[in-house]
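After the structure tokens below, expect a handful of questions from me.
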Amino acid sequence: MTTESSAANAAGSEHSAANAAHAGLAARFAALGLIEAVIARGQPLDDAVDQAGALDRLAPRDRAFAHALAAAAVRSWGFLLAVLDRCLDRPGSHLPDRLRAILALGAAQLLILDVPAHAAVGATVELVDGKLSKLKGLANAVLRRMEREKAGLLAQVDRGRASTPDWLFEGWVKAYGAEAAAAIAAAHQVEPPLDLTLKPGLDAGDWAARLGAAVLPTGSLRLTGAGRIADLPGFAEGAWWVQDAAAALPARLLNPAPGSAVVDLCAAPGGKTAQLAALGALVTAVDQARGRINRLRENLTRLKLEAETVVADVAAWQPAEKVPFVLLDAPCSATGTLRRNPDIALHRTPEEIRELGRVQLRLLRAAVQMLAPGGTLVFCTCSIEPREGPEAIEALLAAGAPLRRVPISPAEVPGLETAITPAGDLRTLPSHWPEAGGIDGFFVSRLTRV
Ligand SMILES: C[S@@+](CC[C@H](N)C(=O)[O-])C[C@H]1O[C@@H](n2cnc3c(N)ncnc32)[C@H](O)[C@@H]1O
């Protein structure tokens, strides 16, 4: 069951509780706070959730409902505003921001989460208070109209496209074609499953059975409706860690021999460090964010794995000796993770992507300096913007870097053979594996120092 459908269930069953109306209102109030933090104050949704005091005061079920409401509203923000405009005589941009957010919250319940209309409309209209009180009637009328015209509205407005800023969508059309761009946008509307990377040597079939997971062709375990991660079997003993199936590929494609030295650049919070250490490599994990390196250390401790850690700017750091393996998981716009971080679509700008492309090139140049002759460099980003993938590699090679590509072979990425580009890089898209629940968008290029 997805969080969104469990949210609908939570909403449905809230009537059985004695304090149903009050709890439903408190959850919606908390959701509104999260939406305002993301939309009006530009916060990432995860940060807003971490900092929301109103959530802490809710019972676990209401907290889950509030979170799911806010996530649905942020994920489909453009769609909800487009639908709202169709239910108003004048565009919704004329409304006070808070009222617009309340109506979008109502629309998310009615059109996405299928919350029963009497609960969705009644409790949402209650949020229209204080200075906005005189607009209660308008809010009620708009949400009732939305409920009446639901089928037509859903047919008229393409949820994926309307939720994607034009500049982002047009970039995908240019890079991947119109059909693929539409599929990517649609994939972002689906809540992603939970993927786990199992420690090498453990039996995937056994663990899949214990966890109620599927084993993906690339070896990751996939769960839906997993609940609290720390409560899952194997968490405490460090049998696995959370990592999207696509994010698990770069370290596998580097594939260092046990005992070989690996420099893992931009390493925190350590998903790839864990993979490399679990293969028996001697890993030096470098990241400039001390707090994130601390998290990396905690993660390795739980997993009973070891790596040397360094807090440093990759552009200004070099290992004592050149190494045979370097992994650079460069900072990027993370548009490949929009399924998990829907606020990214609302906050990123084209200028940021251009600047990140420049940063990646700078870090790539530093990474090349760390590599021994004949050594292997894997570069990856969780972005689906060409600038932060193939264009960075082409710019590096065009500038004369002493590198040549080592093309990724189909046997190395079972089930994702079509994600290998003509140049031999890997380009996964959120629209890949639709029937299995999708995959994050990742770019991976493997090169050797000549
Ligand atoms: C995509 S995340 C890395 C995820 C990590 N590789 C993993 O698998 O868990 C990017 C990381 O790059 C780090 N970073 C960004 N710029 C950096 C720089 N110039 N030097 C070192 N680390 C940097 C950030 O602190 C962040 O932790």
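Lys and Arg at +1, Asp and Glu at -1: add these up for the other residues within a Cβ distance under 13 Å of V311 and post the number.
Details: positive: R290, R292, R295, R297; negative: D287, E308, D313.
Surrounding charge for V311 is +1.
Which percent, nearest 5, of DSSP beta bridges in the chain are antiparallel?
50
Round to the nearest 10 and report in Å² the accessible area of C382, as given by a 1.4 Å probe over the protein chains' heavy atoms.
Taking all protein chains as shown, C382 has close to 30 Å².
If you don't mind, there's one more thing I want to ask. Helix 178-187: angle to the longest alpha-carbon principal axis of the chain, degrees 0 to 90, nearest 10?
Relative to the chain, helix 178-187 is tipped by roughly 70 degrees.
Considering the dipole of region 3-159 built from charges on the beta carbon (Lys and Arg +1, Asp and Glu -1) around the Cα centre, which of A123, G33, A54 is farthest to its positive end?
So the residue furthest toward the plus end is A123.
In addition: Apply the Karplus parameterisation 6.51 cos²θ - 1.76 cosθ + 1.60, with θ equal to phi minus 60°, to every residue of region 434-450 and state each ³J(HN,Hα) to the nearest whole Hz, in sequence, with x for glycine and proline.
For region 434-450, the Karplus curve yields x, 6, 9, x, x, 7, 5, x, 10, 10, 9, 10, 10, 9, 10, 7, 9 Hz.
How large is ³J(HN,Hα), in whole Hz, for each residue of region 274-289 in order, when computed from phi with the Karplus curve 6.51 cos²θ - 1.76 cosθ + 1.60 and θ = phi - 60°, using x for Gly and Pro?
In residue order, the calculated couplings are 4, 4, 5, 5, 5, 7, x, 6, 9, 9, 10, 9, 10, 8, 7, 9 Hz.
Once amide H atoms are built 1.01 Å from N in the peptide plane, which residues 5 or more positions from Q43, or in another chain, come under 5 Å H to H?
Placed amide hydrogens put V38 under 5 Å from Q43.
Which distance in nm do the two modelled labels at E179 and A411 give, with both placed 7 Å along the Cα-to-Cβ direction?
About 3.1 nm, to one decimal.
With 41 Å as the cut-off, how large is the P(r) tail for the chain, expressed as percent of Cα-Cα pairs?
Tail of the P(r) past 41 Å holds 22 percent of the pairs.
Here is a follow-up. For a quick check: with amide H placed at 1.01 Å from N, whose amide H comes under 5 Å from T381's, ignoring anything fewer than 5 positions away on the same chain?
Amide H neighbours of T381, under 5 Å, 5+ apart: F443.
Here's a follow-up. Would you mind checking the tilt of helix 136-148 against the longest principal axis of the Cα atoms of the chain, expressed as 0 to 90 degrees and rounded to 10?
So the inclination is approximately 70 degrees.
From the Cα trace of region 244-449, what convex hull volume per residue do you get, rounded to a whole Å³?
Looking at region 244-449, the number lands at 122 Å³ per residue.
Let me ask something else about it. Which value, in Å² rounded to 10, gives the accessible area of R449 with a 1.4 Å probe and all protein chains present?
About 50 Å², rounded to the nearest 10.
Where does each of D46, D264 land when they are ordered by accessible area, with a 1.4 Å probe and the largest first?
Output order, biggest surface exposure first: D46, D264.
How much net charge surrounds V262 when only other residues with a Cβ under 11 Å from its Cβ are counted (Lys, Arg +1; Asp, Glu -1)? Don't skip to the end; give the middle numbers.
Numbers: positive: K272; negative: D264, E308.
In short, -1.
While we're looking at this one, here's another question. Over the Cα atoms of region 3-159, Rg to Rh with Kirkwood Rh, two decimal places? Kindly include the intermediate steps, with their values, before the conclusion.
Values: Rg = 14.3 Å, Rh = 15.3 Å.
The Rg/Rh ratio comes out at 0.93.
Oh, and also: Using only Cα atoms, find the angle between the long axis of helix 60-75 and the longest principal axis of the chain, and express it within 0 to 90 degrees, rounded to the nearest 10.
Tilt relative to the chain: about 80 degrees.
Could you name the lysines in cross-link range of K304, using Cα to Cα under 20 Å and dropping any fewer than eight places away on the same chain?
Straight-line reach from K304, under 20 Å: K199, K272.
In nanometres, what is the gap between the two model label sites at H347 and S133, each 7 Å from Cα along Cα-to-Cβ?
In this crude label model, H347 to S133 measures out at 3.6 nm.
Could you state the number of Å between the C-alpha centres of region 205-225 and region 127-163?
40
At 1.4 Å probe size, what's the solvent-accessible area of E191? Round to the nearest 10 Å².
For E191, the solvent-accessible surface is approximately 50 Å².
Taking the Cα centre of each part, how many Å lie between region 20-72 and region 352-410?
Each part reduced to its Cα centre gives a spacing of 39 Å.
Sticking with this structure for a sec: For an R0 of 41 angstrom, estimate the FRET efficiency from the Cβ-Cβ distance between R210 and N255 and round to the nearest 0.05.
Approximately 0.90, to the nearest 0.05.
Could you compute how fast region 168-308 diffuses translationally, taking Rh as the Kirkwood radius over C-alpha pairs and applying Stokes-Einstein at 37 °C with viscosity 0.692 mPa s? Give it in µm² per second.
The diffusion coefficient I find is 198 µm²/s.
Based only on the alpha carbon positions, what is the Kirkwood hydrodynamic radius of region 388-450, in angstrom?
About 12.6 Å, per the Kirkwood formula over Cα pairs.
What order do V215, V286 take when sorted by accessible area (1.4 Å probe), most exposed first?
Highest to lowest solvent-accessible surface, that is V215, V286.
The values are calculated or read from the model by the stated rules, or taken from the named source; none is laboratory data. Because the structure is a prediction, the values reported are computed rather than measured. For neighbour counting, all protein chains shown are included, and Cβ atoms are generated from backbone atoms with ideal geometry for every residue, glycine included. What goes into the accessible areas is simple: the full protein's heavy atoms, side chains included, and nothing from ligands, DNA or RNA. Shrake-Rupley method; radii C 1.70, N 1.55, O 1.52, S 1.80 Å.
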